[in-house]
Structures are given as C-alpha cells and as structure tokens.
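First comes the structure, then the notes that go with it.
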Amino acid sequence: MTTFLAALLLILFLSVGFAGAAVADRAIPAFLAGQTAPSWRLSLADAVRLLQTQRIRTEAPDALLWWLAPALYLALAIVGLAVIPFGQDLVAIPSEVGIVVWGSCEALTIVAVFMFGWSANAPLALIGAYRYVAIGLPAMLLSMFVLIGAALPAESLGFIEIVEAQRTVWNVVRQPAGLILFLMLGLAISLRGPFDYASPEDLAGGVTADVSGPGLLAWKIARLTMLVSVSAVTATAFLGGYLGPILPGFVWLLLKTAVVLLVLIWAGSVFARMPPARMMSVIWTMLLPLSFLMLLVVGVELLLWG
Amino acid sequence: MTLATVLIVAAALIGIGLYGALSQQSFVMLMMGLELMLNGGLLAVIGLWANTMGGAPEGQLLAIIIMAVMAVDMAIGFALVTAVYRKRQADVTESLTTMKH
Amino acid sequence: MGLTDLLFFALSAVAIVSGWRVFATDSMVRASFLLLLSFVAVGLIIVMLAAPYIGVATVFMMAVEMMVMALFMVMFMMNPAGLNPMMMVHQHRFSIAAGVLAFAGLTAAILFTSFPENSVDPSTPVVHDLGIELLGPSMLIFETAGVTLLATMIGSVILSSRSGRFGMADQGSKPPGLEPDGEPAGRQPEQGGGHHHH
Amino acid sequence: MAVSALKRWAGKAPASVFVAIGEGMRERVERLFADPRIERAATPRHAAIFLIAGPMRLEDREDLRRLHDQMPHPRATLLWAAEVGEALGDAEKLNFTLQPADTSRADEAALDRLTRIWAELSDGERPSEPDLLHDEPPNPWQGIGPHGQGGKGMMGGTPYGRPMAMTADDLRDGLALDPYTARFGPFLPMFPPGLLLEMTLQGDVIQSAKVLRPPLPQAARDDASAALLRLARLLDLLGLPVLGHRARLAAAGDRPSSTLETLGRAIRWSGSTLAIRPGLGAVEGQGDLRTRFDDLLAVTGGSSAETRPELPESAHLSSLLPGLEWSEAMLVLNSFDDETLSALAVVKEDEDKDGHDHEGSGYMHHEHHGHGGHQGDGGHDHHAGHGGGA
C-alpha cells in the first residue's frame, strides 16, 4: 500500500518538478540577461514546435541507439528519483543500497549520452560524446566519494537511513565542500553550463547537432527530468530530505529540491566552462583529492564525536 | 529460479565467453570474451552463495574479489593493448608472434 | 511458475542472447553495449538472488567499464560503426566446439551434483553483514584487493605511456648495446607484425 | 481542431533562425539576435528559417543550397540583402536601400519579416520549401556489398563513400590512431563567416589546418560596439550565453556605464579568465588569448581597445591551430578582430599546386567521406531519403 502511495507521489513529484524546471530553465537565464521574464507558455510553444518538425535522419546512423538513448536517459532519471524517500516509509523502490543504485544511474547516464552522440554518425556529435565521457567519468567518481561521506554518519547505503541520520545535523554542515562537488556532478549529469561538454556552443550543439524535431524534444525532456532527479538526490543526501517541521515530508522535499534546482540553473548560467583538457586536470588533481579529504574529515569527526 | 537453473545460465555465459576468448582476433573483442566468462563466474558464485551457504558473508566477499579481478583484467589489458599498439601498430593477436620488442 | 521465475527466465534470456550477440554484431560500439546489457541482466538476477549490493555494484562497475571498452573499440578497431561486415576470427570451429563443450560439461556437472540446501533467510541483513565482514574478519583480503588495484593503476599508466624504458615507445625504444655503440642487446624482432588494415 | 490548436501554440515560440552571414553583415546580424522574438539556432537541424544575410561569394552558393536542404520541414528562406543569383530558387527577398544611418529601420523590417514568415509557416499557410538538390547516394551503387560499396568483406570497397581510415601520427603523444580529415565551414556558427578550413583531427585535437577560403570581409570598425560583440562571441563559447546576450544587448543599444560595469563584474566573477590556459593562442605582438580577452573586458570598463602592433609575416592559422583541441581552437579563432583574422587566414597557394582542379572534383569527394561541409555534418543530408527517412 505504501509502495503504491509512494509511486503516486513519485509521479506527482516528477510532474511538478518537471513543470517547475521547464519554467525556471527559461526564466532564470532571461532574468540574468536582464530581460523580462518570458511567459510560461514559451516552453510549451517550443515543445509543440519541435513536435511538429520533421525528424531528420543522418546518413547511416545507428538508428536503434539513436532512438534508445533519450529513452534510457529519461528512464535513468526516473529510477534515480524512485529510490528517494518522500517520507519515513514512502519509497517507490525501497532499496538498502540506494546510493549505489543512484551511482549506477549516473554511470549509465554517461553511457546514454555517448550513445546519443555516437549513433548520429556525425563528427561534431561524436566529439561531444567523447568529451563528455572524458569529463563525466571522473566527475561521477568524485560524486561517489562525496556520497560515501554522506553515508558514513548513517552507517548505511540506504537513503532512508541517510535522511534519518540527519535529524541531528544536516550533511551539508559536515561536508560543505561535498555539497559543492555534488552540485558540479549535478551540472555534469544534467548537461548544463560549465559542465556541459556534450552539447556546447563550440561544437554547434555537440550531441544534439544533428537531431531535429521530436528527437530533440525527447532529449530536452530527459535532460530536465535528470535535473529534477539530481536536485532531489542532493536535497536528500545533504539537506535532510523530507525532514522538516509542520509541513508533510513530501512538501519539504519538494521545497528543498526546488532550491537546489534553482541554484543549479543559476550556476549553469553564470560560470564559465573550461576547455576540456584544463577541466580534466582540475578534476583529477584538485577536486578528487578534495573529495578524499572531505571523506577523511567526516570519518575523523565520527570517530571523535560519533 | 532454482540453483540448477541459475548455474546453467552461468554455464551458458561461460561457454559463450570461452568461445569469444578463443575465436576473436582483436584484443579488445578477446577481452570481451574474458569479461563474459567472469560474468558467468560471478553469477555462479552468487547463486551458490544464496542457495547453499545460508547467507554467510564470505560468499559475497568472493564476488567482490571477482569484481576486482575484472577491473584489474580490464585495466592491464587495455594498457597492454596500448603498449603493443604504440610499438607495432598492432591490434590483432596474429601480429604478436614474438614477445620481444 | 511465479512472477519471480518469469522475471528470472526473461533476464537470463537477455543475458545469454546479448552475450552471444556481442560476437555476432558488426558494430563494435554495439558489441560493448550488448555486453553491458548482458551484465545489467546478470546484475538484476543477482539482486533477485538476495545480494542487492553485489548486483547493483556490478551494474555500476560494468557501466563504467563498458564505456571505456566502447572508447577503446572506436580507437583501435577499423570500421567501428559496422558499415562493412565484421568477422575477425581464428580457429573458429575449435572455439565453437570448446564453448559448447564447456557448457555441456558444466551443465552435466551441475545436474549430477547434489548441492546442499541452505538458502539465505530473507530477513538476513546481507548488506550489513558484508560490510562487517569486509572491514572486520576479512579486512586483510579486502585491503589486498585495494593494494592490487593501486598496483594495477600504476602498472597501466607505465605500460600505456609513451616513454618506454629505453626511449620513446614508438621510436623503437631499443636497449643500449652491450659495448658502446654496439648492436642493441636482446633478440631482434622479425619484420612484420605490422598493421595491415588500418 | 486539436491540430490547429497545436499549430497556434507553435506560432507562439520564438522563430528559430539559422543564419549564413555574408560580407559586411556580421555585426548587424548579431545585434539583430538581441531581440527575443527570434532565436539563433546552432545548427540548421534546429532551425525553421534560413536567413541569408549579405552578399555571398560564388563558391559559397553550393554550400548554401546544401545547408538549406539540411533543415527539417517546415522550413523557409529569407534573403536579406543577399546576392546569390538563383542558387536558392525563388526564396523570399528583402532588400534595403536605406542610408547607413537608417540601419535600425532596416533591422526592424528584417525582424518583422522573420516573425511573419514564422507565423505563416507554423500556421501552415506557407508551404514548406522543397529540396534544392537531388537526393543522391554519396557513393554510386557498385553492385556488390550491402551498401553498394563495390567490395566484399571487411576491407572491401568504400561504404557510404568513405574509405577505411588509415592511421597517422598524433601530435600529443605519438599514439598513431585514425585521423579524421574534413572541411569545416564556411557557415559553421562558431566560425568567422566565410572561413573554410580543411582540418585533420585526432580525437578533438587539430593536427593540421589549411585555409581553403578566407573569411568574408566585414565592416572594419574598431569601436566599443565591435569589441562588445567580439566579447559576446567568446562568452558564448565559454558556455556563458547569458552574459553573451547581455554584451550583445549593450552593443545594440546605448550603453550607460553602470550596465557595462555590472557586466564586467559578472564576467570577472564567472571565472572566464581562469578558464583560459595562459599562453594559449599566443601570437607575436598580439599577446595570448588571455590578454586579448582582458583587453576586450577592459572595454566594458570604459577604456578603448588598445592598438596592437602589426602581425609578423609568419603568423598564419595553419601554424596557430595545430596542437590545440577543438574548443581552444574555436576560442582562438574568435579572439582576433576582423582585420587581424583576415591577415591570419590568407589562402596559401603554394602548398597545393593543382588547387583549383582539386577544388572542383575533389571537393565533392571530400564532402562525402568527410561529411565535413558547412555544418560539420554537412554534405550528407541531401541523401537523407536514400537512408530511408523522410
């Protein structure tokens, strides 16, 4: 029964989150560019436009993978969200290894993006795909260390226990740098701003350079859904998830997710993207050691006062 | 889902993997065969653990070791492929009839 | 046949069929993704076998591994997109025979062995137990695996880097002679071994 | 009913325009896109309207036709003060005969026309334009092989007109993998308009570059507005379209110093300078990319652009680009002012004696197996139907 309720809540969460993300994705950049906020209709109008546009086939594409990649991306976003608890016993897919499930979703997302770029059989798309793998894999690696740091105080890999362990103090206090690292992963996995190596301007859209109409629409939908998922995971792992006074847990999670989502969209618009080689050395030589350090700090803290 | 069926699936994976490892000329494809065999091995280990060991944690430990072996196999394998390729521009097994240089 | 059985047979079919297709597809990238599919199916079977951590970790690890595999495929193989038919095999009949024989032998062994019946109690906290085991009684084994992985990392960097022991790998990397300016020590490679098709 | 409702919705979206910029039109077009009613598409695949602005060279016309055919239906073309002969069929024309002082009215007319075309197109009032080129396979059918490549087995023939790749050295660490040679340009959105390069890539590192067609000359203006537009291009490439848009707005309208100051602060906070590796794209007398970026940034602080000494004779794109990875190369390409870039991108005849012949017959060949064309993916699209789609 609770699983059924959780599944309903999941659908509700997804729809509300997605609608909010679609509006914020246009409104925040417009606001930052000093323009008047565009109407919410604009996102919908754009979707309808893409829906009515012809779907172009490139020469000798890997048609099957080209269709599958957006679907896989979307499915991963949904599965990743499904292991997030909406309340003490409200999980659509109860899993005692929730973190690892989320980690698999991250890893498979990289596969999905590569598939999408590869299957178009076009040079710029392939360069985008390659590049994304090079940046995405180490980014994912460090996000796992950060998540282990969040799991340490809970002594469990399940998201429910992680949330419950934050009743005394939220994980963001324990490892503030961890939150920032995880937000970077969020940018990488939802393909935006400084970590969007798959579809940047200098590749004329990269993995999406040869996609038109409905295919592009599907990709954009999946990308926004992943943004909602990764925001929810961040809120759960670092900001106490469903914990909060008075309001029901579901609402709290939704609010915290919204905050993270806005921060992600904001950060995606105001920070510059490094050329990939430079980013690579930053990740491997600075950020990865930083994530080790955070893990160490949390461990020592728990040994002394845990 | 009895133990026997799980093990037969594992055996099938090992059989296919063996075929791949023996028949493929390309190093990378050959490694895929090895990975598939390890995959079957992993399944067999977990099958046996789940059905005959009553949940003793050592069985899972063996599975973790298998996964570590997979990682080592891949990393060293690719490093060797790269080294050989640098040296000889070769990516098929037939080009390596001598181990020196 | 319950739902579990149905799911198990479906996943097994996926694992085996995609495992076979790995060696039957023309496109190298598809081959690595098919292998990934096979691993994901096995991972899910493992989750069904009451070992959630191992199962999900398999999926996680294999997603990364197969991604790297796909990159290497594109790098080193000609015709990675499978535009031409692709069949690079040797000792084909022998390999098929060996594969079938291995399967038949193992199956016979499975069918004629009586295994003890001692299933996992569903209420056992398997993941918790595994964690305690890893960082408790079997810590040494676990640490050994860690050190092995570290050695692997160092080894693969050394092996794949350009600078060989006696100079750049692609410029010969010949050992110095036994006397000054003499022939390089060691056996000389025969010609060939070259790369004909690239 | 439902269909017409959908159509009405689509008309509310901003018009997605892919633009091929001709002689002297770059800055005007870029200022045009500060308007929210239109959106600049990164590739023709995302666009509904093909805007051809300004006079074009004769040899670019074939590329324009191919770009046109790459767009998905429904599509339309607008020739804005463009002279392309009959290359684009009977596409809609908009000419301005206004005085230079009246450019804003001409721009307004272009905007109006673009929005009207999009409204008609989304309504279905305006029929989508048919292909201009024949739908031909890139490699003629040769009777053997699943793709008619004229050969059997793994190495046989040339599937889809692409011969098997051969290995070549890599500048980075000598791992000799398959290089990829293709023509990039002349209307790639991140390229200076008109520039056509033949580049060899290993992964995304450029191994060699050769200028086939120089960039189209632009109005040589050296004022704050031009500098801001140049800054906007770099910001776009650095993944900061929001700040790029602000810079374009500032370039289009009047510029109160407070707006420029906040923009400058936002750019400094974005870490753009840090993102650029020091020493990247250094040219004698012109500094490296970082100093050029800082110079442009100084314009937002009110100082005028510094004049740089003459370029050394030897400086050329063919020696500047190799060794850079793609995104660094794009930043370098966009960091020069128009005059410097033209000096850097002179077509060198000496390398290729049979150059012109090559241009004629070899071109198509390259087009096909390199799918290099204009969009980076060009060339193959008019064969789309051959593949089975559309």
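Of note:
- Evaluating 6.51 cos²θ - 1.76 cosθ + 1.60 at θ = phi - 60° for every residue in the range C:117-123, the Karplus couplings come out as 9, 7, 6, 5, 5, x, 8 Hz, glycine and proline recorded as x.
- Equivalent ellipsoid semi-axes, the range C:1-82, via Cα gyration tensor eigenvalues times 5, rooted, Å: 27, 15, 5
- Exceeding the 25 Å Cα-Cα cut-off - candidates A:K220/D:K12; D:K93/D:K348; A:K256/D:K12: D:K93/D:K348; A:K256/D:K12
- The Cα trace of the range A:124-241 gives Rg and Dmax of 16.4, 50 Å, the first to one decimal, the second as a whole number.
- Chain A - Rg (one decimal) and Dmax (whole number), Cα, Å: 19.1, 63
- Long-range amide H partners of A:A60 with built H, under 5 Å: none
- For the range C:32-49, putting each phi into the Karplus relation 6.51 cos²θ - 1.76 cosθ + 1.60 with θ = phi - 60° gives couplings of 5, 6, 5, 5, 4, 4, 4, 5, 5, 4, 5, x, 5, 4, 5, 4, 5, 7 Hz, in residue order, rounded to whole numbers and with x for Gly and Pro.
- Amide H to amide H, with H built 1.01 Å from N, D:L212 comes under 5 Å of D:L196, D:L197, D:E198, counting only residues 5 or more places away or on other chains.
- Computed from phi, the 3J(HN,Hα) profile of the range D:168-176 under the Karplus parametrisation 6.51, -1.76, 1.60 (θ = phi - 60°) reads 8, 5, 10, 5, 6, 9, x, 6, 7 Hz, with x in place of Gly and Pro.
- Candidates A:M294, A:M140, A:M274, ranked by Gaussian network fluctuation over chain A, Cα under 10 Å, top entry: A:M274
- Cut-off under 5 Å, modelled amide H: who pairs with D:G24 long-range: D:Q218, D:A219
Any read-out appearing in this document is the output of simple, stated calculations on the displayed coordinates, not a laboratory observation. It should be emphasised that the depicted structure is a prediction, and the values quoted were computed from it without experimental measurement.
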